1. Could you tell me whether Glu101 is crowded, with 17+ Cβ neighbours inside 10 Å and not polar (S, T, N, Q)?
2. Scanning for something touching a strand residue (DSSP E or B) at 6+ places or on another chain (Cβ under 8 Å), buried (at least 17 other Cβ atoms within 10 Å of the Cβ) and either touching a residue at least 12 places away in the same chain (Cβ under 8 Å) or assigned to a loop (DSSP other than H, G, I, E, B) (or both), does segment 69-85 turn up at least one residue?
3. Read through the list (1) over 21 Å from Gly229 (Cα atoms); (2) surrounded by 15 or more Cβ atoms within 10 Å (Cβ to Cβ), then give the number of the only condition that Ala168 fails.
4. Is segment 267-284 home to any residue that is assigned to a loop (DSSP other than H, G, I, E, B) and free of Cβ contacts under 8 Å to residues at least 60 places away in the same chain?
5. With the checklist (1) at pLDDT 95 or above; (2) under 18 Å from the mean Cα position of the chain (by Cα) in hand, flag the one item Asp161 doesn't pass.
6. Report, ordered by the first and then the second residue, all pairs with beta carbons closer than 6 Å, sequence separation of six or more or different chains, a first member in segment 175-198 that is within 15 Å of Glu153 (Cα to Cα), and a second member that is part of a loop (DSSP other than H, G, I, E, B) and of a type in the set (Asp, Glu).
7. Report, by residue number, each residue of segment 266-284 that is out of contact with any Gly (no Cβ under 8 Å at 6 or more places or on another chain) and of a type in the set (A, V, I, L, M, F, W, C).
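The values are calculated or read from the model by the stated rules, or taken from the named source; none is laboratory data. Every value quoted in this text rests on a predicted model; they were computed, and no experiment measured them. As a convention, Cβ positions derive from the backbone with ideal geometry for all residues, glycine included, and neighbour counts pool all protein chains shown.
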Amino acid sequence: MLPNANFFAQVLLDREHFSPGGIDGRWGRKSENALAAWQKKHRLPITGTLDDATRATLGNTNGILTTYTITAADHAALTPYPSSWLARSQQERMGFASIEEMLAEKFHLYRATLRQLNPAAPWPNPPAGVILTVPSITSRPLPELSRIEIRLEQRSLRAYDKQDQLVAHFPCSIAADKAKRPVHETLRVTVWAENPEYTFDPELFSEDPEAAAIGKRLRIPPGPNNPVGVAWIGLDRPGYGIHGSPAPEDISNTESHGCFRLTNWDARKLVHAVRNGLPVVVLP
């Protein structure tokens, strides 16, 4: 049953930018990696398990849960999510397709977890006025960074501040093709943007029958369901970047065409802390 001890720990880690991916109350690989990074930061034995010493550094669980009232504005902001690239290019915005999707992302949850916390709500689109139980995920912004590390085997991203202190850990997806993984290289940030547009290039989607039929590039409008999500951090290699994703459940589980994918909420945190020339070191 939720919330449980794992859920509380995940919320506390998320607040400190040590992301378990989506908060779900289950202690899997992504939660273990986040906690191990937290233990490293605090010079504790690195176990990935919730021992008493680690719990003490996370703080108390007061105020973990809060409430959210669905509004008419939430419903007005919803947009369709077409199945075809051509139809997506004709949208004004790639917004959320349901209240469930919107609020799961807003509160850093997987959709199934949002339902578990609120079993009586009429999902996927509870009406305005419905009051939901959600985690309180307020956190301070990241400081300016000195470097980013991508750890390929662990499928994670770590960020360090100007004092070389570890300040963030995010799960990420990496390229499916090993030849597209720039291991042992240092890339650099060249450009960054919130709510970017996406250029659909059919040559990058050779496995997609629709791409071959379209035969031309398309502009996909901004929004959380844009293929690169709500943030883009471009690197000094053509086509490479760190970005968000419309599918948080897939992060660190599935692989990409070549970029480094984060959940939208983690990408939004990171994009505010980067600068021109910031090193991005790719480790095995």
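1. On the way: crowded, with 17+ Cβ neighbours inside 10 Å: yes; not polar (S, T, N, Q): yes.
For Glu101, the condition - crowded, with 17+ Cβ neighbours inside 10 Å and not polar (S, T, N, Q) - is met.
2. Start the filter on segment 69-85 by keeping residues that are touching a strand residue (DSSP E or B) at 6+ places or on another chain (Cβ under 8 Å), which leaves 69-70, 85.
Now restrict to residues that are buried (at least 17 other Cβ atoms within 10 Å of the Cβ): 70, 85.
Now drop any that are not either touching a residue at least 12 places away in the same chain (Cβ under 8 Å) or assigned to a loop (DSSP other than H, G, I, E, B) (or both), which leaves 70, 85.
Yes, segment 69-85 contains at least one residue that is touching a strand residue (DSSP E or B) at 6+ places or on another chain (Cβ under 8 Å), buried (at least 17 other Cβ atoms within 10 Å of the Cβ) and either touching a residue at least 12 places away in the same chain (Cβ under 8 Å) or assigned to a loop (DSSP other than H, G, I, E, B) (or both).
3. Evaluating Ala168 over (1) over 21 Å from Gly229 (Cα atoms); (2) surrounded by 15 or more Cβ atoms within 10 Å (Cβ to Cβ) leaves (1) as the failure.
4. Looking only at segment 267-284, we keep the residues that are assigned to a loop (DSSP other than H, G, I, E, B), and these are 272-278, 284.
In the following step, the residues that additionally are free of Cβ contacts under 8 Å to residues at least 60 places away in the same chain were identified as none.
No, the conditions are met nowhere in segment 267-284.
5. Here Asp161 clears every test but (2).
6. Within 6 Å, the pairs are Ala176/Glu255.
7. Scanning segment 266-284 gives Leu270, Val271, Ala273, Val274, Leu278, Val280, Val281, Val282, Leu283.
Matching residues to (1) out of contact with any His (no Cβ under 9 Å at 6 or more places or on another chain); (2) more than 28 Å from Ala128 (Cα to Cα); (3) at pLDDT 95 or above; (4) crowded, with 16+ Cβ neighbours inside 10 Å:
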{"residue": "Asn33", "(1), (2), (3), (4)": "no, yes, yes, yes"}
{"residue": "Ala87", "(1), (2), (3), (4)": "yes, yes, yes, no"}
{"residue": "Glu105", "(1), (2), (3), (4)": "yes, no, yes, yes"}
{"residue": "Leu109", "(1), (2), (3), (4)": "yes, no, yes, yes"}
